[in-house]
Amino acid sequence: MNLQQFLRILRARWLLILLTLSIAVGTTIAVSLLLPPRYTATATVVVDIKGIDQISGMLLPMLPMSGYLATQVDIIQSHNVARRAVDLLKLADNPAAKEMYYKDTGGKGNMRDWLADLLLKYLKVEPSRESSVINIGYTGNDPRFAAAVANAIVQSYIQTNLDLKVAPARQTNTFFNEQIKTLKDNLEKAQANLSAYQREHGIIATDERLDVENNRLNDLSSQLVALQAQTYDATTRQRQVQEFVARGQVPDTLPDVLSNPVIQGLKASLTQLEAKQNELTSKLGKNHPSYQAVVAEIDGVKRQLIAEMKTISTTLGNAASLAQKREDQVRGSLGAQRAKVLQMKKVRDDLTVLMREVDNAQRAYDGAQGRMTQTKLESQTTQTNIMVINEAIEPIEPSSPRLILNTALALILGSMLAVGVALLREMSDRIVRSDADLSETLGVPVLGALGSEKRPRRRRIAVAPSGA
């Protein structure tokens with residue numbers, strides 16, 4: 001079917017088309033006039049997606065707008081929000097609402113839930129595409145009731161959103177209230193253990209005994225090194241003196257000999273006597289009584305030197321013995337002091353462990369206490385990220401039925417329906433309206449046509465199968 005054939009059909013069936021369109025439009029107008037008017041009240045709220053935590057003052061993470069607004073729309077359309085609105089409006093106490101409830105359900109179920117579902121049926125929530133604004137509309141027969149329901153839904157939504165925010169904080173606060181007692185007991189136990197340990201070992205808060213004992217240990221170590229040096233020096237000098245005494249010689253380099261005035265005097269006398277002996281040898285000879293007397297004096301001086309050297313050796317031996325004893329005493333004291341310091345270090349280490357336990361318990365308690373304070377404030381907050389821009393007011397004009405819009409839609413849809421009816425009628429009662437129809441129907445070319453072209457004669461034909 002081409003456009004020309006379609007237009008011929010519309011021209012031929014114009015009465016049917018006009019009748020169908022008139023019925024559709026008239027029915028729509030009649031129904032629109034007969035339906036009771038309904039009013040839609042709309043409230044507008046804005047949701048702050050990027051907000052600031054009122055307790056900590058920190059900037060909250062920014063969430064995707066589409067997902068966040070979709071979540072808020074679901075919350076608004078939730079049964080809990082609708083039931084809160086029912087309680088705010090006290091619909092459960094309304095006699096008309098009770099009558100409707102018993103008439104519809106026969107008294108079965110919960111009236112508050114039934115009313116909540118009824119409110120949700122006529123509730124419409126539309127988020128804005130480019131902003132975080134949400135429009136909350138309610139449609140009802142009474143404009144005042146519609147506005148009241150829309151505002152009640154907004155208040156219920158704000159309260160529900162606040163409850164969703166503070167509910168985790170309340171649970172966390174309850175948890176910390178339970179744990180804070182245990183943490184406090186642990187802290188008191190750790191402090192008691194530390195105090196008992198300090199009393200047991202005589203440790204005060206500003207205990208410096210370990211430093212004193214370390215200094216004493218260092219002093220003893222220094223004394224021991226000095227005494228060891230003294231013992232070694234005295235022993236060495238005694239051995240040297242004994243070697244010289246064994247050879248019958250008087251050392252000239254030993255400090256003990258050089259610092260001894262007796263030995264120095266004897267050495268001077270020996271030097272003089274030896275010089276006198278040499279002089280007498282050349283003058284008188286070895287057998288002379290004077291020479292013999294000098295020799296006897298020299299022997300006496302030497303014996304005195306040996307005796308004095310033995311005295312020095314004995315003195316050095318006594319000094320070495322005393323130094324050895326002192327060294328042994330200091331070594332013993334050093335061992336005892338080292339053991340004492342090690343014990344005090346062990347006590348200090350144990351004390352450090354106990355103090356660390358107290359510090360850990362204190363930090364855990366302080367952290368829990370601070371977190372509990374914060375969650376307590378969060379659980380008591382009344383701040384929300386939702387702000388009402390426009391409250392719902394009583395609408396003056398009804399939102400439905402819309403006579404002009406319905407009539408326009410009826411014209412459009414009625415026209416489409418009328419054309420469809422005309423086409424169906426044409427298909428059920430096919431009529432040849434032009435040469436093209438005849439050629440298309442029979443499948444053969446048209447050679448000529450009789451009659452006037454201006455007034456073509458309509459003929460009903462029966463299409464026979466090809467080859468008949």
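The values are calculated or read from the model by the stated rules, or taken from the named source; none is laboratory data. Keep in mind that this is a model prediction, so the values were computed, not measured. Neighbour counts run over all protein chains shown; Cβ positions are idealised from the backbone, glycine included.
Quick test of your reading of the structure: Asp185 fulfils all but one of (1) modelled with pLDDT under 80; (2) among the acidic types (Asp, Glu); (3) in a helix (DSSP H, G or I). Name the failing condition by number.
Exception for Asp185: condition (1).
Out of all the residues in segment 299-337, which are under 60 Å from the mean Cα position of the chain (by Cα) and among the aliphatic types (A, V, I, L, M)?
Step one: filter segment 299-337 for residues under 60 Å from the mean Cα position of the chain (by Cα), giving 331-337.
Once the filter is applied, which keeps residues that are under 60 Å from the mean Cα position of the chain (by Cα) and among the aliphatic types (A, V, I, L, M), segment 299-337 yields Leu334, Ala336.
Against the condition outside any helix (DSSP H, G or I), at pLDDT 90 or above and closer than 26 Å to Asn135 by Cα, how does Ala43 come out, does it pass?
Values: outside any helix (DSSP H, G or I): yes; at pLDDT 90 or above: yes; closer than 26 Å to Asn135 by Cα: yes.
Against the criterion (outside any helix (DSSP H, G or I), at pLDDT 90 or above and closer than 26 Å to Asn135 by Cα), Ala43 qualifies.
Results for (1) closer than 30 Å to Asp185 by Cβ; (2) touching a residue at least 24 places away in the same chain (Cβ under 8 Å); (3) surrounded by 17 or more Cβ atoms within 10 Å (Cβ to Cβ), shown as yes or no for each residue.
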| position | (1), (2), (3) |
| --- | --- |
| Glu308 | no, yes, yes |
| Gly317 | no, yes, yes |
| Ala323 | no, yes, yes |
| Asp328 | no, no, no |
| Arg363 | yes, no, no |
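For Lys345, only one of the following conditions fails: (1) within 30 Å of Glu279 (Cα to Cα); (2) surrounded by fewer than 18 Cβ atoms within 10 Å (Cβ to Cβ); (3) touching a helix residue (DSSP H, G or I) at 6+ places or on another chain (Cβ under 8 Å). What is its number?
So Lys345 meets the others, but not (1).
What is the residue count in segment 113-132 for residues that are over 22 Å from Ala392 (Cβ atoms) and not in a loop (DSSP other than H, G, I, E, B)?
2
Within segment 91-108, is even one residue assigned to a helix (DSSP H, G or I) and under 43 Å from the mean Cα position of the chain (by Cα)? Reasoning before the result, please.
If we filter segment 91-108 for residues that are assigned to a helix (DSSP H, G or I), which is where we start, we get 91-93, 95-105.
Next, from what is left, pick out any that are under 43 Å from the mean Cα position of the chain (by Cα): none.
Within segment 91-108 (the criterion being assigned to a helix (DSSP H, G or I) and under 43 Å from the mean Cα position of the chain (by Cα)), the answer is no, since none of the residues qualifies.
Looking at segment 402-422, is at least one residue charged (D, E, K, R) and modelled with pLDDT of 85 or more?
Quick first cut of segment 402-422, residues charged (D, E, K, R) only: 402.
In the following step, the residues that additionally are modelled with pLDDT of 85 or more were identified as none.
Within segment 402-422, not a single residue is charged (D, E, K, R) and modelled with pLDDT of 85 or more.
Kindly indicate whether any position in segment 50-60 is exposed (fewer than 12 other Cβ atoms within 10 Å of the Cβ), at pLDDT below 70 and either over 27 Å from Ile389 (Cβ atoms) or among the β-branched types (Val, Ile, Thr) (or both). Spell out the reasoning first.
Step one: of segment 50-60, the residues exposed (fewer than 12 other Cβ atoms within 10 Å of the Cβ) are 56-59.
If we keep only those that are at pLDDT below 70 too, we end up with 56-59.
In the following step, the residues that additionally are either over 27 Å from Ile389 (Cβ atoms) or among the β-branched types (Val, Ile, Thr) (or both) were identified as 56.
So far as segment 50-60 goes, yes, one or more of its residues are exposed (fewer than 12 other Cβ atoms within 10 Å of the Cβ), at pLDDT below 70 and either over 27 Å from Ile389 (Cβ atoms) or among the β-branched types (Val, Ile, Thr) (or both).
Against the definition (assigned to a helix (DSSP H, G or I), small (Gly, Ala, Ser) and in contact with a helix residue (DSSP H, G or I) (Cβ under 8 Å, 6 or more places away or on another chain)), how does Ala146 come out, yes or no? Steps first, please.
Numbers: assigned to a helix (DSSP H, G or I): yes; small (Gly, Ala, Ser): yes; in contact with a helix residue (DSSP H, G or I) (Cβ under 8 Å, 6 or more places away or on another chain): no.
The answer is no for Ala146.
Inspect segment 371-392 for any residue being surrounded by 16 or more Cβ atoms within 10 Å (Cβ to Cβ), in a loop (DSSP other than H, G, I, E, B) and of a type outside the set (Val, Ile, Thr) and give the result as yes or no.
yes
Which number in (1) without any contact (Cβ under 8 Å) to a residue 60 or more places away in the chain; (2) under 30 Å from Gln369 (Cα atoms); (3) of a type in the set (Val, Ile, Thr) marks the one condition that Val125 misses?
(2)
Could you grab me the full set of residues in segment 129-142 that are in contact (Cβ under 8 Å) with a residue 40 or more places away in the chain and not β-branched (Val, Ile, Thr)? It would help to see each step written out before you state the result.
Initially, segment 129-142 is screened for residues in contact (Cβ under 8 Å) with a residue 40 or more places away in the chain, giving 131-142.
Answer for segment 129-142, where residues must be in contact (Cβ under 8 Å) with a residue 40 or more places away in the chain and not β-branched (Val, Ile, Thr): Ser131, Ser132, Asn135, Gly137, Tyr138, Gly140, Asn141, Asp142.
Can Asn151 be described as assigned to a helix (DSSP H, G or I) and either buried (at least 20 other Cβ atoms within 10 Å of the Cβ) or polar (S, T, N, Q) (or both)?
Details: assigned to a helix (DSSP H, G or I): yes; either buried (at least 20 other Cβ atoms within 10 Å of the Cβ) or polar (S, T, N, Q) (or both): yes.
Here the answer is yes, as Asn151 does meet what is asked.
From Thr172, Thr160, grab the single residue that is outside any loop (DSSP other than H, G, I, E, B), farther than 21 Å from Asp117 by Cα, touching a helix residue (DSSP H, G or I) at 6+ places or on another chain (Cβ under 6 Å) and touching a residue at least 60 places away in the same chain (Cβ under 8 Å).
Values: Thr160 fails: farther than 21 Å from Asp117 by Cα.
Of Thr172, Thr160, the one residue that is outside any loop (DSSP other than H, G, I, E, B), farther than 21 Å from Asp117 by Cα, touching a helix residue (DSSP H, G or I) at 6+ places or on another chain (Cβ under 6 Å) and touching a residue at least 60 places away in the same chain (Cβ under 8 Å) is Thr172.
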